[in-house]
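Here the structure comes first, spelled out in structure tokens, and everything after it is commentary.
FYI, it's all coordinate maths here, none of it is from the lab. This one's a predicted model, so the numbers in the text were calculated from it and none came from an experiment. Virtual Cβ from ideal backbone geometry, glycine too; neighbours counted across all protein chains shown.
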Amino acid sequence: MTNKIWKIFCVLTFLLGLKSSTICIPLESDTHSEPSQSLSLGEATADANVPHDSEIYSSFKGYRVYRLQANSTKAFDALVKLHDEGDLDFWKAPSFRGETDIMVNGNQEKELKDFMGFYKIDNTVLIDDLDILMNGQRLGRLKSDGKAMSWTEYHYMETIFDWLDGLATFYPELVTLYTIGMTTDGNPLKLVKISVGRKDRHKPGVYIDALYHGREWISASVATWIINELVTAPSRYSTLLKNFDFYIMPIMNPDGYAHSCNYNRLWRKSRKASGTWADFLGCRGVDLNRNFGFHFGGPGSGTIPCSLIYRGTHAFSEPETSAVRDFIYENRNVKWAAYFALHSYGQKWMTPWGFTEVKPVDYDELIRVARIGVAAIESHRGTKYDVGSAPDVLYMASGGSDDWFKGAAGCKYSYTIELPDYGFYGFLLPSWEIIPSANETWFGISTALRSIARMRSYA
Ligand code: 0X9
Ligand code: ZN
């Protein structure tokens, strides 16, 4: 689509009242403030397998991330309104406590500064030059760069999937690999089961998944680290493996991850076209963590395809989420003991419910176990986490996987973990942080699981 046609659409949608602000969303609107280089990419990205190069990879030159601290209700309410207008990419949405992180380009920066001045909002520049930070983190030039799996760098999904295939071949007693579905772009949804003992017996299940959101790279690295630990050193985890079977899905959103690797590092949603006017604006994908079928459509989920938190047309409308639902249904003889959704960033260990401020009846028990996990993480190298329900420590959001695992799949200990960092790098956590983050996270989860196993209260 040319720039001109894009502008006409932009004006039309504005006149139709589809956007409330004068800042029109650029194409590839997942970032809500996409640099102009990406304008031609709206339709060109259907094939996620095209290798990236510097000409088509979105540049974030002149982009900054601000950290804001609203000190009054008036300022906080204004921030929420700004967030809901959807024109700026809030890396961290306004929460009742804590900070708000917002990414802006040169033009938006002035408006944001006026806004912060007007509402007397304390602020600092968190990331001064996004482009420099991002350039240091580019993956290799080709989608399959032939690299071996490691945790000293981030990897393309092809490397991760090849490694999973290899695990299934080399450890057939321990590892079963499932492809539970295919994405719109034709990528596999791979899930690993790690189990000791008789194959015809089902132990209570622990389900861990990651990378719902394309830009949250650290989550897939942590999930693969956990797989590697369990498979290559099972004797270290004999108590856990005696009590539980592990089901781990390191890349829930392969299409979004590919897009983040190849085109736009800050892509969040999946990549399916909606078949509506929004496709002409280059808006694609669904927020997979708004598409699950437990209180689908409630607060904190978007109705417009251009929204960063677009929930899709109906619950489980997406191949990624319906594949998980079907897998859980097909394995209804498994009692799900615990669920951990790995996201980033912000260092939070969150409980359901996400769709309401009302707490589940067993909230205190969920918090007790979460505190055990968080204490273990902190004991490792001092990393601090917040504990609480999603609305209490972050924001309300409906249609999340954690709510569905608890509310529909009957999994008592259901959590979403926002991995590091706290915000100096945001989504762009450097690769030298992978191993320390993975180590401490797994120490936290495994310690929490030992407590769950001792209680036997998941049944
Ligand atoms: O908004 C989300 O999906 C998660 N945060 S993120 O920054 N990684 O996008 C939090 C989800 C918490 N769970 C629910 N609200 N159900
Ligand atoms: Zn996320």
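Measure off 7 Å from each Cα along the Cα-to-Cβ vector at residue 330 and residue 242, then give the distance between these two points in nanometres to one decimal.
A separation of 3.2 nm, rounded to one decimal place.
Which loop-located chymotrypsin sites (Phe, Trp or Tyr not before Pro) does the stretch 84-126 contain, where loop means any DSSP state but H, G, I, E or B and the Cβ has at most 16 other Cβ atoms within 10 Å?
Hits after loop and neighbour filter: 96.
Enter the Cα centre distance for the pair the stretch 247-320 and the stretch 332-347, rounded to the nearest angstrom.
For the stretch 247-320 versus the stretch 332-347, the Cα centre distance is 19 Å.
Show the residues, 5+ positions off or on another chain, whose built amide H is closer than 5 Å to the amide H of residue 310.
Here 287, 302 satisfy the definition.
Take peptides 415-428, 210-223 and line them up by average Cβ neighbours within 10 Å, highest first, as a rough protection proxy.
Highest mean packing first, the order is 210-223, 415-428.
May I ask you to compute the full-extension gain from residue 73 to residue 314, defined as 0.36 nm times their residue separation minus their alpha-carbon distance, rounded to one decimal in nm?
Here the answer is 83.3 nm.
Would you compute, for the Cα atoms of the stretch 221-361, the largest minus smallest coordinate along each principal axis and list the three values in descending order, in whole Å?
Between the extreme Cα coordinates on each principal axis of the stretch 221-361 lie 54, 40, 32 Å.
Test of understanding: ordering 200, 101 by Cβ neighbours within 10 Å, fewest first, what list do you get?
So the residues, fewest neighbours to most, are 200, 101.
What is the set of long-range amide H partners of residue 271 at a cut-off below 5 Å, with H atoms built 1.01 Å from backbone N?
Amide H neighbours of residue 271: 256, 286.
Search the structure for amide H atoms under 5 Å from the amide H of residue 386, placed 1.01 Å from N in the peptide plane, and list their residues when 5 or more places away or on another chain.
Distant-sequence amide H within range of residue 386: 348, 349.
Among rounded, prolate and oblate, which fits the stretch 306-367 when a ≥ b ≥ c are the square roots of the eigenvalues of its C-alpha gyration tensor, a/c under 1.5 means rounded, and a/b larger than b/c means prolate?
oblate
Order these peptides, 271-278, 166-173, 365-372, by their mean beta-carbon neighbour count within 10 angstrom, highest first.
The packing order, highest mean first, is 365-372, 271-278, 166-173.
Count charges around residue 196 for me, please; just the other residues with Cβ under 15 Å from its Cβ, Lys/Arg as +1, Asp/Glu as -1.
The answer is +3.
Would you order 81, 406, 190, 61 from fewest to most other beta-carbon atoms within 10 Å of each residue's own beta-carbon?
If I rank by nearby Cβ atoms, fewest first, I get 81, 61, 190, 406.
How about the stretch 274-336: which trypsin sites (Lys or Arg not before Pro) there are in a DSSP loop, with at most 10 other Cβ atoms within 10 Å of their Cβ?
Taking the stretch 274-336 and a limit of 10 other Cβ atoms within 10 Å, the loop trypsin sites (Lys or Arg not before Pro) found are 332.
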